[in-house]
Amino acid sequence: MKRFTLISVPYLWLIVLFLVPFLIVLKVSLSDAALAIPPYSPTLDLSQGWAGILVWLDGLDMENYWFLADDNLYWKAYLSSLKIAAISTFLTFLVAYPFAYGMARAADEWQPTLLMLVILPFWTSFLIRVYAWKAILSVEGFLNQFLLWTGAIHDPLIILNTNVAVYIGIVYTYLPFMILPIYAALEKMDASLLEAAEDLGCSRFSAFWLITFPLSRQGIIAGSFLVFIPAMGEFVIPALLGGSRTLMIGKVLWEEFFSNRDWPVASAVAVILLLILIIPIILFQRNEQKNREAQG
């Protein structure tokens, strides 16, 4: 009974906060847009009993999904989101790995301080941090003023309202999610392995690629999933830093819900996005399971 109670808590949490909302969104995605409150039909009327349920089921259809399949805008948004999320994840890895490696090789008394500095940005509101980058990357922002002052450029750079600004925002925002798993993997590594490799004639560079990098693979995989999955559905960063040409499915989803008030189409977009994200989530879970089995 104790075991059942312990296991039931997370499952109940998933049912209440994931499964039920997903079923509601799925139901709305099978409905039709209507000038009503809520803005879709049919709605379930339990006062009519089974007759009301049958009428409700008869009104559900797949038209919104066929509409998404026929409209190139939505598929371009999905592909663009995949591209931006993948490139952002790779750039985040390139920036995060040296940070994590330096933290793992630092003296023991310095590691808590470095770890706190990595987590420190979370003490500030996410929205404020994105707005700060908007001020930094604007034509009259700090970055252009600094480059003009140093003479590196003669005309201001157009960075804001481009995909470059979106990449910068995503890399900055999700950098700790990449640093921490890699640091955790590197920090547990046995330093004597590197000493043995150097004693056997390996250079430091060869020892890094043959020992350090493979042993940090689990952290790299975990960090990549933790960055890619939320970046895929990101809305705030492309809305504030990206321009009108920055096409991401999060922006499309918001516009369908709040600008067009087409809840059925927006729900269909959300369902497909979730189905796409299930693939990396399953891969992440399998990787974590293999990691636990290897440690056990």
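Structure data summary
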item: Phi to ³J(HN,Hα) by Karplus 6.51 cos²θ - 1.76 cosθ + 1.60 over region 224-232, Hz, x for Gly, Pro; result: 5, 5, 5, 8, 5, 4, x, 5, 4
item: Environment charge at Leu186 (Cβ cut-off 12 Å; Lys +1, Arg +1, Asp -1, Glu -1); result: +1
item: Selected from Ala266, Ala106, Ala85 as most flexible by GNM, with the chain as the system and alpha-carbon contacts under 10 Å; result: Ala106
item: Vicinal HN-Hα couplings computed from phi for region 274-280 (Karplus, 6.51 cos²θ - 1.76 cosθ + 1.60; Hz; Gly/Pro x); result: 5, 5, 5, 6, 4, 4, x
item: Whole-number percent relative contact order across the chain, with pairs defined as alpha carbons under 8 Å at least 6 apart; result: 26 percent
item: Among Leu253, Leu14, Leu215: highest mean-square fluctuation, GNM of the chain, C-alpha pairs under 10 Å; result: Leu14
item: Label-point separation in nm, Cys202 to Asn287, each point 7 Å along Cα→Cβ; result: 2.2 nm
item: Region 232-296: relative contact order as a whole-number percent, Cα under 8 Å and 6+ apart; result: 21 percent
item: Equivalent-ellipsoid semi-axes of the chain, from the Cα gyration tensor, Å, largest first; result: 42, 29, 16
item: Value in Å of the Kirkwood radius, where region 218-266 supplies the Cα pairs that are averaged; result: 12.1 Å
item: Two-site label geometry, Leu57 and Trp149: point separation in nm, points 7 Å out along Cα→Cβ; result: 7.0 nm
item: Charged-residue dipole, Cβ positions (Lys, Arg, Asp, Glu), the chain about Cα centre, Debye nearest 20; result: 400 debye
item: J(HN,Hα) series, region 60-69, from Karplus relation 6.51 cos²θ - 1.76 cosθ + 1.60, nearest Hz, glycine and proline x; result: 7, 8, 9, 4, 5, 6, 5, 5, 5, 5
item: Order of Ser216, Ser80 under a 10 Å beta carbon neighbour criterion, fewest first; result: Ser80, Ser216
item: Long-range amide H partners of Tyr40 with built H, under 5 Å; result: Ala34
item: Within the chain, longest stretch clear of exposed trypsin sites (Lys or Arg not before Pro) (DSSP loop, no more than 15 other Cβ within 10 Å); result: 1-187
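Computed from the coordinates by the stated procedures, all read-outs in this text should not be read as laboratory data. All figures in this text were calculated on a predicted structure; none of them were measured in a lab. Here Cβ is always computed from backbone atoms with ideal geometry, including for glycine, and neighbour counts include all displayed protein chains.
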